[in-house]
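Okay, structure first, notes after.
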Amino acid sequence: MALTIKLPRADRSLESYEVAPARGFPARTDRPLNRVAYAAAHMVADPLADNDPWLTPAIDWDRTIAFREHLWDLGFGVAEAMDTAQRGMGLDWNASLELIRRSLTAAKARGNALIACGAGTDHLAPEDARSLDDVIRAYETQVAAVEDLGGRVILMASRALARVAKGPDDYVRVYSRILSQVRQPVIIHWLGDMFDPALAGYWGTNDFPVALDTAVGIINDFAAKVDGVKISLLDKDKEIVMRRRLAPGVRMYTGDDFNYAELIAGDAEGHSDALLGIFDAIAPAAAAALAELAAGEEGRFHAILEPTVPLSRHIFKAPTRFYKTGVVFMAYLNGHQDHFTMIGGQEGTRSTLHLAEIFRLADKAGLLRDPEEAVWRMADVLAVRGIEAV
């Protein structure tokens, strides 16, 4: 008998939707990869904590670390304490540092599994930043904290810097100071304002060519201190232009959750590695696709990964900053957590129709690990929203 569920449509009717059998992507792989691939991992909230969800994060540490083990099993590196984990959007610096500490401990227990950790300035409220020196000290505090734990740094974009900087030269001063001090090469994160409106005008201007000149100039001047740059502007042409200007040995880590398949595959002049939030949600398929690419099977790579792109574009649709809701919803559907509760109550940032479309697109991409369980979990969410789905 076909597995079906009633899903809401925009005209307020219910569609009897037939769910496909499981695609059967492996949950573990040891196949070699020819791309460096980080998944930016989400946090699992503790739904039974007696806290104020909008004010105080309550974290299920066991499930949170278990999800990182899932990513490592699939051959990914973990990009820790990034915006996917609601960093600066519910997860404060103290909780972030505890997350980093626990994840580094777990990585070491696996023989130093690949991990890099976000260091920024989010313990300094932007309105409290009075000078560039305030921003520098804030960066130094977090970089030192990560490095003292033995971690490698992802240098996150700073809301405080975006607020106090007067132009490109101020970015040069701050980044030059921090890069001159780091112990290991870092990944620099250029996060666009579609992800965080407070970062508008980053690098001192809204003019992309000028911003690009500033960013590339800093990176190439400190190439020995930069492992790579993650660009999250959702514009493949901007990424390619920047990729071609990076000094030899500096990686481009795509953060383009709209066009990642073609950017990772690359062209005659190069390719992007990956540091992606969507890899949290599509990890088994992405791992299988990357293994095919490494084996020289680019057609199979695209056949697996291209069906995931409509899902990613839907999850990351405007307002893009709410994409984390879709990422956590996918983890819930696939049994990585037994609830759809998020830090800060952000499970409420997307509509019922949006969640129903995630289910459809995940099914079409073969991403529902256990379709029967996913149907019941989807039905439970719909029931809370007044829909009898099964």
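The values are calculated or read from the model by the stated rules, or taken from the named source; none is laboratory data. Quantities reported herein were computed from a predicted structural model and do not represent experimental measurements. Positions of Cβ are backbone-derived with ideal geometry, glycine not excepted, and every protein chain shown enters the neighbour counts. For accessibility, only protein heavy atoms count, side chains too; no ligands or nucleic acids. Shrake-Rupley method; radii C 1.70, N 1.55, O 1.52, S 1.80 Å.
Taking every DSSP bridge with both residues inside the chain, close to 25 percent are antiparallel. Its Cα centre serving as origin, the range 180-293 has a Cβ charge dipole (Lys and Arg +1, Asp and Glu -1) of approximately 440 debye. Return P(r) of the range 189-298 (all Cα-Cα pairs; 5 Å bins starting at 0; whole %; ordered from short to long distances). Percent of Cα pairs in each bin: 2, 12, 22, 23, 21, 12, 6, 3, 0.
Suppose R0 equals 41 Å; then what is the FRET efficiency for Asp267 and Ser131 from their Cβ-Cβ distance, rounded to the nearest 0.05?
Numbers: r = 43 Å, r/R0 = 1.06.
With a Förster radius of 41 Å, E is 0.40.
Approximating the spin labels as points 7 Å out from Cα along Cα→Cβ, the Arg385-to-Glu373 distance works out to 2.2 nm. Rg then Dmax, both in Å and based on the Cα atoms of the range 85-161: 12.9, 43.
Note that the range 36-127 presents 38 Å² accessible area per residue, ligands and nucleic acids not counted, probe 1.4 Å. Remark on the range 320-367: Rg and Dmax equal 10.4, 30 Å (Cα only). Net charge dipole, the chain: roughly 420 debye, given to the nearest 20, about the Cα centre with Cβ charges of +1 for Lys and Arg and -1 for Asp and Glu. At a 1.4 Å probe radius, carbon and sulfur cover how many percent of the accessible area of the chain? C and S fraction of accessible area: 49 percent. Taking the range 126-145 and a reference point 7 angstrom along Cα→Cβ of Asp92, the backbone N atoms nearer than 18 Å belong to 126-129, 138-139, 141-142.
Size of the range 166-251 from its Cα atoms: along the principal axes, largest to smallest, the extents are 31, 28, 20 Å.
When the Gaussian network model of the chain links Cα atoms closer than 10 Å, the mean-square fluctuations of Phe359, Phe329, Phe25 top out at Phe25.
May I ask you to derive the FRET efficiency for Leu33 and Trp61 from their Cβ-Cβ distance with R0 = 30 Å, giving the value to the nearest 0.05? Display every interim value, and only then the final one.
Values: r = 29 Å, r/R0 = 0.96.
According to the calculation, E is roughly 0.55.
Once the chain from Val210 to Lys166 is taken as fully extended at 0.36 nm per residue, the excess over their C-alpha distance is 14.4 nm.
With a Förster radius of 25 Å, plug the Cβ-Cβ distance of Glu298 and Lys364 into 1/(1 + (r/R0)^6) and report the FRET value to the nearest 0.05.
Details: r = 22 Å, r/R0 = 0.87.
The calculated FRET efficiency here is 0.70.
Using only DSSP helix segments of four residues or longer, with each worth -39500 (n - 2.57), what per-residue ellipticity at 222 nm results for the chain after dividing by its residue count and rounding to 500?
The per-residue figure over the chain is -13000 deg cm²/dmol.
Pick from Asp257, Asp30, Asp363 the residue whose mean-square fluctuation is largest in a GNM of the chain, springs joining Cα atoms under 10 Å. Largest GNM mean-square fluctuation: Asp30. Each of Leu149 and Asp52 was given a label point 7 Å from its Cα along the Cα-to-Cβ line. The distance between the two points is 2.6 nm.
Measuring max minus min along each principal axis, the C-alpha atoms of the range 59-127 give extents of 41, 21, 17 Å (largest first). Within the listed set Ala45, Ala79, Ala129, the Gaussian network model of the chain (springs between alpha-carbon atoms below 10 Å) gives the highest mean-square fluctuation for Ala129.
Applying the Kirkwood pairwise sum to the alpha-carbon positions of the range 1-71 produces a hydrodynamic radius of 16.9 angstrom. Averaging the Cα positions of each part gives two centres, and for the range 334-390 and the range 172-192 these lie 39 Å apart. What base-10 log of the normalised intensity I(q)/I(0) is obtained for the chain from the Debye formula, alpha carbons as equal point scatterers, at q = 0.09, 0.10, 0.13 Å⁻¹? Those come out to -0.51, -0.63, -1.08, one per q. Full extension of the segment from Asp235 to Ala200, taken as 0.36 nm per residue of separation minus the current Cα-Cα distance, would add 11.0 nm.
Accessible surface for the range 175-230, divided over its residues, is 36 Å² per residue with a 1.4 Å probe. For the range 238-294, the relative contact order is 29 percent, taking Cα pairs closer than 8 Å that sit 6 or more residues apart in sequence and dividing their mean separation by the residue count. Would you work out the relative contact order for the range 1-114, in percent, from Cα pairs under 8 angstrom that are 6 or more residues apart? Here the relative contact order equals 23 percent. For the chain, the relative contact order is 20 percent, taking Cα pairs closer than 8 Å that sit 6 or more residues apart in sequence and dividing their mean separation by the residue count. The residues of the range 239-354 expose, per residue, 31 Å² of accessible area to a 1.4 Å probe. Can you tell me how the range 1-135 classifies by the Cα gyration tensor, rounded, prolate or oblate, using a/c under 1.5 as the rounded cut? Oblate shape, in that a/c is at least 1.5 and b/c is the bigger or equal ratio.
Cross-link partners for Lys6 among the aspartates and glutamates, with Cα-Cα distance under 20 Å and sequence neighbours closer than 8 places in the same chain left out: Glu15, Glu18, Glu357, Asp363, Asp370, Glu372, Glu373, Asp380, Glu388. Sorted from greatest to least, the principal axis extents spanned by the alpha carbons of the range 239-390 come out as 55, 31, 21 Å.
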